[in-house]
Amino acid sequence: MKAKKLTKETVAHLGVTDRGFPEFKIGDTVAVAQRIKEGDKERIQIFEGDVIARNTHGISSTFTVRKMGANAVSVERIFPDYSPLIESVKVIRRGQVRRSKLYYLRSRVGKAGRVKEKVVSQSSVAA
């Protein structure tokens, strides 16, 4: 059975449940805790960056996270939603964007490559 043919019903039939990750969108800054296996040892590594893309295709759903590494070298990783290697996803801050894919950030350098933070007012929180 091909992965792209799986739907929500077949995911539930296979026994894959909701991972319990918080709801995050494009432009949000997230910290993804991933299990790394080195020989016989196992450790948790945090990958923190902006979500620039989401692909929702049943069990083969993924999200792409981009971070700025050392010497202004950017690093992108694609994480499967239902991977058992992902321990947790934590939302650091919400971003305000107007696009569904932020691939244009690849060509931006410095402050131009940042995502504007979404401001939440007290009146919208109380409502």
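Read the figures in this text as sums done on the coordinates, not as results from a lab. These numbers were taken from a predicted model, which means no experiment stands behind them. Cβ coordinates were reconstructed from backbone atoms using ideal geometry, including for glycine residues, and neighbour counts include every protein chain displayed.
Normalised radius of gyration for segment 61-127, please: alpha carbon Rg relative to 2.2 N^0.38 Å, two decimal places.
Normalised Cα radius of gyration, segment 61-127: 1.37.
Return Asp81, Asp40, Asp28 ranked ascending by Cβ neighbour count within 10 Å, so the fewest neighbours appear first.
Fewest to most other Cβ atoms nearby, the residues stand as Asp40, Asp81, Asp28.
Over the Cα atoms of segment 3-102, what Rg and Dmax result, in angstrom?
In Å, with Rg to one decimal and Dmax whole: 14.6, 46.
About the Cα centre of segment 17-120, how large is the charge dipole given +1 on each Lys and Arg Cβ and -1 on each Asp and Glu Cβ? Please answer in debye to the nearest 20.
Around 640 debye, computed over segment 17-120.
Sort out for me the Cα centre separation of segment 76-127 from segment 31-53, rounded to whole Å.
The distance from the Cα centre of segment 76-127 to that of segment 31-53 comes to 17 Å.
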